[in-house]
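Student: Before I ask anything, here is the structure I am working with.
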Amino acid sequence: MLVSHRKKFIFTKTKKTAGTSVESVFEPYCLPEGTWKQTHYTPERISADGIIGYRGDGGQKANWWNHMPAELIRKRVGDKIWNEYFKFTVIRNPFDKLVSGFHMHWSHVRQQNFSQKFKAMTKRFVGRAGPIELVKGNNDIERFRSWIRAGGMVSDRETYMIDGKVCLDHFIRYENLENGVREVLLRLDVDPSGCVIPKFKSNFRKSRTPIVEYYDAETEAIVRRLYAWELNFFNYDLK
C-alpha cells in the first residue's frame with residue numbers, strides 16, 4: 001500500500017494483480033525526491049512525503065504493509081486525508097486471478113524441502129491441512145479443480161470495500177494495466193511518457209492454457225457463487 005502526501009493519493013494493494021509492479025511506478029511520489037530506488041522487497045518507509053508499506057516475505061512487524069485492509073488505512077491516516085486523497089487499486093477477473101493464485105501456491109509446494117513436506121503430510125493426517133495441501137491430480141487442470149473444491153480462494157475484498165461498500169475512487173483493470181496506470185498518472189499531473197511498469201512475480205504460471213479450460217461445471221459454479229459481487233460489479237465473466 002502507498003500514501004503520497006506530495007501527490008495526494010492512496011493505493012491499496014489487491015492480490016495477484018501485478019500490485020508490486022504498480023507500486024513501483026507510484027512509490028517515487030511517496031518519498032523525498034531523488035531518494036527512490038526500485039526494489040522487489042522493501043521495509044516500511046515513512047516520511048513527510050508519504051508512506052510505503054512493508055513488502056516482503058514475513059519476519060518484520062510493521063504498522064503499514066502491502067495488502068493492508070482499506071478500513072485500517074483509513075483509521076490510521078485519518079478521515080481528513082482519506083476523504084481528500086485520490087484512492088485507487090487494480091482489479092482482475094476472478095476466474096483469471098484464481099488460476100494465477102493456484103500456480104503461485106503450487107509453485108511453493110513443488111519447492112518444499114523434506115521437512116516442509118513432512119509437516120504438510122502431518123497436517124493432512126490430523127485434518128488441519130489447507131486447500132493447497134489437499135490438492136490431487138495428474139496435471140495442472142486437475143490439481144486446480146481439486147484446489148477450488150477444497151476451498152482455494154484469493155480473497156482481497158477488504159482492500160477496496162469498507163462495511164460492504166466500495167470505498168475507492170478508481171479501479172485500474174489488470175487486463176488493461178499499462179493504459180490504466182498512465183491514466184492515473186495523468187490524473188495526478190504526472191507525465192506518463194517515461195512510465196515503464198516492471199514485472200515482478202510473473203514466473204509462477206508457465207502454462208498458456210486458456211483460462212476457460214481450467215474450469216468444469218462444478219468449479220465454475222463455485223467461483224460464480226463466491227465472487228458473485230465482483231463478477232457483477234466489474235462486469236467480468238468466464239471467457
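The values are calculated or read from the model by the stated rules, or taken from the named source; none is laboratory data. Predicted model, so just to flag it, every value in this text is computed and none were measured. Cβ atoms come from the backbone with ideal geometry, glycine included; neighbour counts cover every protein chain shown. All accessible areas refer to the heavy atoms of the entire protein, side chains included, with ligands and DNA or RNA removed. Shrake-Rupley method; radii C 1.70, N 1.55, O 1.52, S 1.80 Å.
Student: Roughly speaking, what is the stretch gain from D163 to K117, that is 0.36 nm per residue apart minus the C-alpha to C-alpha distance, in nm to one decimal?
Tutor: Numbers: separation 46, 0.36 × 46 = 16.56 nm, distance 3.92 nm.
My answer for the length gained is 12.6 nm.
Student: For segment 53-149, which trypsin sites (Lys or Arg not before Pro) pass both filters: DSSP loop (anything but H, G, I, E, B) and at most 12 other C-beta atoms within 10 Å? Walk me through the numbers before you get to the answer.
Tutor: Numbers: sites: R55, K61, R74, K75, R76, K80, K87, R92, K97, R110, K117, K119, K123, R124, R128, K136, R143, R145, R149; in loops: K61, R92, R128, K136.
Those satisfying the criteria are K61, R128, K136.
Student: What part of the accessible area of the chain, given as a whole %, is carbon or sulfur when the probe is 1.4 angstrom? Don't skip to the answer; put the middle values down first.
Tutor: Values: 6390 of 12890 Å².
Reported share for carbon and sulfur atoms: 50 percent.
Student: Work through the residues other than G34 whose Cβ is under 14 Å from its Cβ and net out their charges, Lys, Arg +1 and Asp, Glu -1. Provide the component values of the computation, followed by the final result.
Tutor: On the way: positive: R6, K37; negative: E27, E33, D49.
Surrounding charge for G34 is -1.
Student: Return an integer: the convex hull volume of the alpha-carbon atoms of segment 1-127, in Å³ per residue. Don't skip to the end; give the middle numbers.
Tutor: Values: hull volume 18.6 nm³, N = 127.
With only Cα atoms used, segment 1-127 gives 147 Å³ per residue.
Student: Please compute the length gained on full extension between E178 and R6, using 0.36 nm multiplied by the number of residues separating them and subtracting their Cα-Cα distance. Intermediate results must be reported in sequence, preceding the final value.
Tutor: Working: separation 172, 0.36 × 172 = 61.92 nm, distance 2.27 nm.
Here the answer is 59.6 nm.
Student: Which cross-chain or sequence-distant (5 or more) residues have an amide H under 5 Å from the amide H of Y85, H modelled 1.01 Å from N in plane?
Tutor: Sorted by chain and number, the residues that satisfy this come to none at all.
Student: Let me ask you something else. Taking one equal scatterer on every alpha-carbon of the chain, how large is log10 of I(q)/I(0) by Debye at q = 0.11, 0.15, 0.17, 0.18 1/Å?
Tutor: Values, matching the q order: -0.64, -1.12, -1.33, -1.41.
Student: Describe numerically, in nm with one decimal, the distance between label points set 7 Å from Cα along Cα→Cβ at R128 and at D237.
Tutor: 4.5
Student: More than 13 angstrom separation, counting every C-alpha pair in segment 88-147; what % is that? Provide the component values of the computation, followed by the final result.
Tutor: Details: 1176 of 1770 pairs.
When every Cα pair of segment 88-147 is considered, 66 percent fall beyond 13 Å.
Student: Okay, moving on. Treating the beta-carbon of each Lys and Arg as +1 and of each Asp and Glu as -1, no other charges, what is the dipole magnitude of the chain about its Cα centre, to the nearest 20 debye? Kindly include the intermediate steps, with their values, before the conclusion.
Tutor: Working: 40 positive and 28 negative charges, 178 e Å.
Using only the charged Cβ atoms, the result is roughly 860 debye.
Student: Give me the lysines in straight-line cross-link reach of K75: C-alpha distance below 21 Å, same-chain residues under 8 apart excluded.
Tutor: Here the lysines satisfying the reach criterion relative to K75 are K7, K8, K13, K61, K87, K165.
Student: Still on this structure: Distances over 21 Å make up what percent of all Cα-Cα pairs in segment 137-239? Please list the in-between numbers first.
Tutor: Values: 2797 of 5253 pairs.
Looking at segment 137-239, the distances longer than 21 Å represent 53 percent of pairs.
Student: Let's test the formula: R0 of 41 Å, r as the Cβ-Cβ distance of N138 and E71. What FRET efficiency results, to the nearest 0.05? Could the numbers behind the result be given before it?
Tutor: Working: r = 43 Å, r/R0 = 1.04.
It comes out at approximately 0.45.
Student: Suppose we keep just the DSSP beta bridges with both residues in the chain; what percent of those would be antiparallel, to 5? Let's see the in-between values first.
Tutor: Working: 12 of 20 bridges.
Expressed as a percentage, antiparallel bridges in the chain total about 60.
Student: I'd like the distance separating the alpha-carbon centroids of segment 41-73 and segment 118-176, in whole Å.
Tutor: Segment 41-73 and segment 118-176 have Cα centres separated by 23 Å.
Student: Can you list the residues, at least 5 places off or on another chain, whose amide H is less than 5 Å from the amide H of I172, using H built in the peptide plane?
Tutor: The answer is T89, V90, I91.
Student: Hey, got the dipole for segment 1-139? About the Cα centre, +1 on K and R Cβ, -1 on D and E Cβ, debye to the nearest 20? Mind dumping the intermediate values first?
Tutor: Working: 24 positive and 11 negative charges, 109 e Å.
Charge dipole of segment 1-139: 520 debye, to the nearest 20.
Student: Membrane-span-like helices in the chain: DSSP H runs reaching 18 Å or more (Cα, own axis), mean Kyte hydropathy at least -1.0? Numbers along the way, then the final one.
Tutor: Working: long enough: 94-110 (24 Å, -0.37).
Helices meeting the criterion: 94-110.
Student: With a 1.4 Å probe and all protein chains left in place, how much accessible area per residue does the chain have, in Å²?
Tutor: Details: 12890 Å² over 239 residues.
Counting only protein heavy atoms, the per-residue value for the chain is 54 Å².
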